[in-house]
Structure formats: C-alpha cells, structure tokens
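Read-outs throughout are calculated quantities, based only on the coordinates presented, and are distinct from any laboratory measurement. Keep in mind that this is a model prediction, so the values were computed, not measured. Using ideal geometry, Cβ is built from the backbone for each residue, glycine included, and neighbour counts are taken over all protein chains shown.
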Amino acid sequence: MPAPKKVCVIDGQGGGIGATLIKYLQSRYPEQVEILALGTNAIATAQMMKAGANRGASGENAIVRTVARSDLIVGPIAITWANAMLGEVSPRMAEAITSCRAPKILLPLSQEDITLVCISTEPLPHMVQQAVDEAIKDHL
C-alpha cells in the first residue's frame, strides 16, 4: 500500500469550513491521506484538529513551510487572496499557497467584497461532498 498523501486543509477565523472538509476526507479516504490542519490562527487549527486531522499547526510560517511539502491543498478560495479573512491571510501565505506545486481544490466561499460569477451557490456540505467525491479523488 502506498504512503498516505499529505493533504493540507487550510482555514482561518473559526475553522468551520476546514473542519467540515476534514470530517468528509477522513470518512471517505481514511487510509489514503494524512491530513494536516493549517490554521491562520490557533482557534481554526483547534477546530480542525477536533474534526480529526492527523497533525496541525498555526500561523504564517507553519503554512508557508508546510504547503511546500504537501501533495494537495484544500480550503476556501480566500486562502489564495492576500489580506483575506479579515487580514488573517498574509501576502506571504497567499503567495506560498498559490506558488507551490501541489494541486489546489478551492471552495468558492468568501466573505470578501469579491463576487465570483458563474459559480453555483450550493450549501457548504454539498460543495464539500462534491470536492471530496469528485475533485480530490483525482489527486490521490
């Protein structure tokens, strides 16, 4: 059996999106992934750890260093935008995430003053289910 893929789930603020992603990932791919919870703050990381992540870390340096060694990145689209999430996503974080070689599965959720067009407005559980069942399986 191949080594588990390192999947970085990145979230900020309360960590609810990341926690939901982790629950679905753990139930769908329990042996295939090592889930690394990367929070822009300690509260987000704690929520993702409670959801079942294998390991977790918080803050800019943890995110910058860890995404460089990951096999897949999953999170809300705002993790790629400098100063998003009320300033929790630093420009350095956004650059590291978008520049790393790992594929990225991004949910079109944002509280920013940005409108994404041609995107369906499904509830979070439906988007997560689609990401886990369709998009992520292609990268594992």
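Could you check the range 1-13 and list, in sequence order, the residues that are in a loop (DSSP other than H, G, I, E, B) and in contact with a helix residue (DSSP H, G or I) (Cβ under 7 Å, 6 or more places away or on another chain)? Selection gives G12, Q13. Of the residues making up the range 1-18, those that are among the hydrophobic types (A, V, I, L, M, F, W, C) and farther than 20 Å from T80 by Cβ are M1, A3.
Answer yes or no: is there a residue in the range 81-96 that is in contact with a Phe, Trp or Tyr (Cβ under 7 Å, 6 or more places away or on another chain), free of Cβ contacts under 8 Å to residues at least 40 places away in the same chain and charged (D, E, K, R). Within the range 81-96, not a single residue is in contact with a Phe, Trp or Tyr (Cβ under 7 Å, 6 or more places away or on another chain), free of Cβ contacts under 8 Å to residues at least 40 places away in the same chain and charged (D, E, K, R). The residues of the range 32-54 that are over 25 Å from N83 (Cα atoms) and surrounded by fewer than 20 Cβ atoms within 10 Å (Cβ to Cβ), listed by number, are Q32, E34, K50, G52, N54.
Just to be sure before I move on: is R101 surrounded by fewer than 14 Cβ atoms within 10 Å (Cβ to Cβ) and under 14 Å from L36 (Cα atoms) in the structure I sent? So R101 fails the test.
Kindly provide the set of residues from the range 1-24 that are surrounded by 24 or more Cβ atoms within 10 Å (Cβ to Cβ) and either in contact with a strand residue (DSSP E or B) (Cβ under 6 Å, 6 or more places away or on another chain) or over 24 Å from R101 (Cβ atoms) (or both), ordered by number. Please lay out each step first, then the result.
Residues of the range 1-24 that are surrounded by 24 or more Cβ atoms within 10 Å (Cβ to Cβ), as a first pass: 7-12, 15, 17-18, 21-22.
V7, C8, V9, I10, D11, G15, I17, G18, L21, I22 - these are the residues of the range 1-24 that are surrounded by 24 or more Cβ atoms within 10 Å (Cβ to Cβ) and either in contact with a strand residue (DSSP E or B) (Cβ under 6 Å, 6 or more places away or on another chain) or over 24 Å from R101 (Cβ atoms) (or both).
Suppose the filter is in a loop (DSSP other than H, G, I, E, B) and without any contact (Cβ under 8 Å) to a residue 60 or more places away in the chain; does R101 pass it? Spelling it out, R101 is indeed in a loop (DSSP other than H, G, I, E, B) and without any contact (Cβ under 8 Å) to a residue 60 or more places away in the chain.
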